[in-house]
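Trainee: Here's a structure for you.
The values are calculated or read from the model by the stated rules, or taken from the named source; none is laboratory data. Predicted model only: the values in this text are computed from it and were never measured. Note: ideal-geometry Cβ built from the backbone for every residue, glycine included; neighbour counts use all protein chains shown. Side chains are part of the model used for accessible areas, which takes the heavy atoms of the whole protein and leaves out ligands, DNA and RNA. Shrake-Rupley method; radii C 1.70, N 1.55, O 1.52, S 1.80 Å.
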Amino acid sequence: MALPMRVLVTGGSGLVGKAIEHVVQQEGGKLDGEEWIFLSSKQADLVDVEQTRAVFEKYRPTHVIHLAAKVGGLYLHMRENLQFLRDNIKINDNVLHTAHESGVTKVVSCLSSCIFPDKTTYPIDETMIHNGSPHDSNFGYSHAKRMIDVQNRAYSQQYGHCYTAVIPTNVFGPHDNFNIENGHVLSALINKTYKAKKEGTPLTVCGSGAPKRQFVYSLDLARLIIWVLREYEEVAPIILSVGEEDEISIKEAVDMITKAVDFKGEINFDTTMSDGQMKKTASNAKLRRLLPDFSFTPLNEAIKMTCDWFETNYKNART
């Protein structure tokens, strides 16, 4: 009989970490005898190998969900590619190798859809990650994230470890970074819309509104990551996303947000600003094959819940 898991979640205070914590503590995601430890960057700087080792020695996890990363919005990535590359390579190597040295049974790392090749055919699936360069805007972060997949394969080949990775598409939800300058697109828009409503000013959206994205509610992603930790046995990564048919334009997302916060003002699209990638359509066929009955929260409901959370927690939200 296997002993109950002791799960260490790195990046435990971020968007996805908070969602996993909610599912574990509020939705019965935790089984009897299990221990779940949610680690924040305040407790350890994982860029530093000694601090990483100290954390593993302190908590002695049997399983790790690795979410910690140095992240930012599109414009910050464009300015600091080298820093994102170096910091994330160090974080990932420290976590994976310390997990190996500590005899951790399984690691599930979180990748990002920005790792996909820029010039490609759509939809993109898990086999296509390394087929060409990622988009230029955040190549540093993207290459560091791709290396997790390479490391997972190497740990499997050399040591037989089950270290794997998930690739979510665009995640949003409570506890996100809502900063207008460097937050993710949906959350930055929620903050912007809330602000425009409060100040009675027009809402200005960066770019044309034409790019399309698959948005995933953080709580749905959390439920899926816990399923991966318990049930998914491949080293090869798995895309965790809504289907291709649920991809929407930024303009459609803006419409849902303005409806959710009841914004009635003028909306302008600033086409002098970069759009980033026009689309990165991902296939969730593998997920559907393995977990056919999973149902995602409808996007307008998830956006409404996130807007309500933001309004209620405005003083404490990351803005």
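Trainee: Among strands (runs of 3 or more DSSP E) lying entirely in region 123-233, which contain 2 or more residues that are under 18 Å from A253 (Cβ atoms)?
Mentor: 170-172, 203-206, 215-217
Trainee: Which numbered condition trips up L189, out of (1) more than 29 Å from L96 (Cβ to Cβ); (2) surrounded by fewer than 23 Cβ atoms within 10 Å (Cβ to Cβ); (3) at pLDDT 95 or above?
Mentor: Condition (2) is where L189 drops out.
Trainee: Continuing with the same structure: Quick one: is R213 open to solvent by 60 Å² or more (accessible area, probe 1.4 Å) and on the phi < 0 side of the Ramachandran plot? Even if it seems obvious, please write down each step before you answer.
Mentor: On the way: open to solvent by 60 Å² or more (accessible area, probe 1.4 Å): no; on the phi < 0 side of the Ramachandran plot: yes.
For R213, the condition - open to solvent by 60 Å² or more (accessible area, probe 1.4 Å) and on the phi < 0 side of the Ramachandran plot - is not met.
Trainee: Within region 69-95, can you find the residues that are in contact (Cβ under 8 Å) with a residue 60 or more places away in the chain, surrounded by fewer than 20 Cβ atoms within 10 Å (Cβ to Cβ), not aliphatic (A, V, I, L, M) and not in a loop (DSSP other than H, G, I, E, B)?
Mentor: Y75, N81
Trainee: Do you know which of the residues in region 291-319 that are in contact (Cβ under 8 Å) with a residue 12 or more places away in the chain and of a type in the set (S, T, N, Q) is most open to solvent (accessible area, probe 1.4 Å)?
Mentor: N300
Trainee: Test V242 against the stated conditions and say whether it is of a type outside the set (G, A, S), within 23 Å of A165 (Cβ to Cβ) and not in a helix (DSSP H, G or I).
Mentor: Criteria met by V242.
Trainee: What's the total number of residues in region 280-319 that are basic (K, R) and closer than 14 Å to N191 by Cβ?
Mentor: 2
Trainee: For V7, are the conditions met, namely being at pLDDT 95 or above, under 13 Å from D220 (Cα atoms) and not basic (K, R)?
Mentor: no
Trainee: For K264, indicate whether it is in a loop (DSSP other than H, G, I, E, B) and more than 18 Å from I124 (Cα to Cα).
Mentor: So K264 fits the description; yes.
Trainee: When both residues are 6+ apart or on different chains and their Cβ atoms are under 9 Å apart, which pairs have a first residue that lies in region 103-124 and is open to solvent by 10 Å² or more (accessible area, probe 1.4 Å) and at pLDDT 95 or above, and a second that is of a type in the set (S, T, Y) and not in a loop (DSSP other than H, G, I, E, B)?
Mentor: That search, which allows pairs on different chains as well, returns K106/Y163; K106/T164.
Trainee: When you look at G14, is it out of contact with any helix residue (DSSP H, G or I) (no Cβ under 7 Å at 6 or more places or on another chain) and under 20 Å from A144 (Cα atoms), yes or no?
Mentor: yes
Trainee: Within the group L221, L229, L240, L203, which residue is farther than 30 Å from A154 by Cβ and either more than 23 Å from the chain's Cα centre (by Cα) or open to solvent by less than 40 Å² (accessible area, probe 1.4 Å) (or both)?
Mentor: None of the others qualify; the one that does is L203.
Trainee: Scan region 1-50 residue by residue and report those that are surrounded by fewer than 20 Cβ atoms within 10 Å (Cβ to Cβ), within 18 Å of the chain's Cα centre (by Cα) and closer than 18 Å to V95 by Cα.
Mentor: Listed by number, the residues that qualify are S13, S40, S41.
Trainee: Return yes when H135 is over 25 Å from N179 (Cβ atoms), surrounded by fewer than 19 Cβ atoms within 10 Å (Cβ to Cβ) and out of contact with any strand residue (DSSP E or B) (no Cβ under 8 Å at 6 or more places or on another chain) and no when it is not.
Mentor: No, not satisfied.
Trainee: Would you confirm whether or not region 150-168 contains a residue that is under 18 Å from K259 (Cβ atoms), in contact with a helix residue (DSSP H, G or I) (Cβ under 9 Å, 6 or more places away or on another chain) and aromatic (F, W, Y)?
Mentor: no
Trainee: Quick check on H66: is it closer than 22 Å to Q151 by Cβ and of a type outside the set (S, T, N, Q)?
Mentor: When the stated conditions are applied, H66 passes them.
Here's the yes/no breakdown for (1) at pLDDT 95 or above; (2) small (G, A, S); (3) closer than 21 Å to D125 by Cα:
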| residue | (1), (2), (3) |
| --- | --- |
| I225 | yes, no, yes |
| V228 | yes, no, yes |
| Y232 | yes, no, yes |
| V235 | yes, no, yes |
| D246 | yes, no, yes |
| K251 | yes, no, no |
| K280 | no, no, yes |
| N284 | yes, no, yes |
| L291 | yes, no, yes |
